[in-house]
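Everything below concerns the one structure shown next.
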Amino acid sequence: MNFRRQIAVTFAALAVCISASAADLAILKNGFSIRHERREVMNETTRLYLEANGSGYVDVPTADIISFEKDTTPQPVPAQATATAPAFRATNIAEVVAPASQKHLIDPDLITSVIRAESGFNPHAVSPKGAQGLMQLMPGTAAKLGVQNVFDPNANVEGGTRYLHELLEQYHWDLVKALAAYNAGPQRVAQYGGVPPYRETHAYVARIIRDFNRQKLAQQHAKAVARKPAPGPAGHKLVARPRGPATEATRAQAGSGS
């Protein structure tokens with residue numbers, strides 16, 4: 001697989017405009033749609049708060065925002081979890097996702113977004129339809145992929161990422177169709193010539209792309225902050241002093257004894 005193609009696929013989600021769940025969407029000129037709980041206009045910049053408690057936000061140039069729309073897509077029902085299966089921590093997920101990402105050349109943030117939507121990071125999650133594990137593999141799919149223990153995080157993510165890669169190849173790197181097929185099955189995508197008209201599938205695709213966008217925007221914001229120069233010590237000014245031979249004015253001042 002061409003690595004440049006892989007990069008294009010994983011970042012293609014940033015250009016997809018799909019409604020997310022309740023709250024608002026900021027529609028941008030570049031095709032982004034950013035879900036946010038509230039916003040604050042600060043002259044040339046609009047701050048979009050990603051969480052209701054204000055713990056995360058993204059600053060966007062006000063001129064880049066075309067409009068705001070209500071986000072009415074319902075949240076999907078999460079898979080049922082067993083009482084004794086605690087969810088993975090983010091660090092655990094990163095360790096599991098990294099090998100599968102490198103092997104199948106799929107952005108780790110995309111894999112993480114799929115896991116979040118599928119199981120909420122619970123390696124023992126089981127859906128009402130029988131899907132199992134972090135990436136919610138059906139028994140038949142797991143068998144075809146050679147996954148012997150669907151509740152083993154590494155095996156499940158390896159199999160799920162491989163399946164997602166196969167779907168991306170099948171749909172010529174159309175991420176929306178690949179995600180729809182992951183949720184509803186390739187046969188349904190073929191039947192309807194695209195995303196099936198199921199509320200659950202539309203919400204599923206929207207949720208993953210919204211979460212993937214959120215991760216990428218947060219990374220861009222962190223990089224922008226890191227690039228800002230650090231201020232000098234408070235109360236001190238940095239003065240440029242001449243180097244090399246003294247000027248005529250300097251020697252005259254020294255000779256005067258002042």
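Fewest-first ordering of Ser67, Ser101, Ser127 by other beta carbons within 10 Å of each residue's beta carbon gives Ser67, Ser127, Ser101. For Arg38, the residues whose amide H sits under 5 Å from its own are Tyr49, ignoring neighbours fewer than 5 places away on the same chain, with H placed 1.01 Å from N.
Within the set of other residues whose C-beta is less than 13 Å from the C-beta of Asp211, count the net charge using Lys and Arg as +1 and Asp and Glu as -1. Net local charge, Asp211 excluded: +2.
In terms of other Cβ atoms within 10 Å, Asp64, Asp71 run from fewest to most in the order Asp64, Asp71.
Of the cross-linked pairs Lys103/Lys177; Lys177/Lys216; Lys129/Lys216; Lys103/Lys144; Lys70/Lys228; Lys177/Lys223, those separated by over 26 Å at the C-alpha level are Lys129/Lys216; Lys70/Lys228; Lys177/Lys223. For Ala181, what is the net charge nearby, where nearby means another residue's Cβ is under 11 Å from its Cβ and Lys, Arg count +1, Asp, Glu -1? Residues close to Ala181 contribute a combined charge of 0.
Each reported figure results from applying straightforward, stated rules to the coordinates on display, with no laboratory input. Note that this is a predicted model, so its numbers are computed, not measured. Virtual Cβ from ideal backbone geometry, glycine too; neighbours counted across all protein chains shown.
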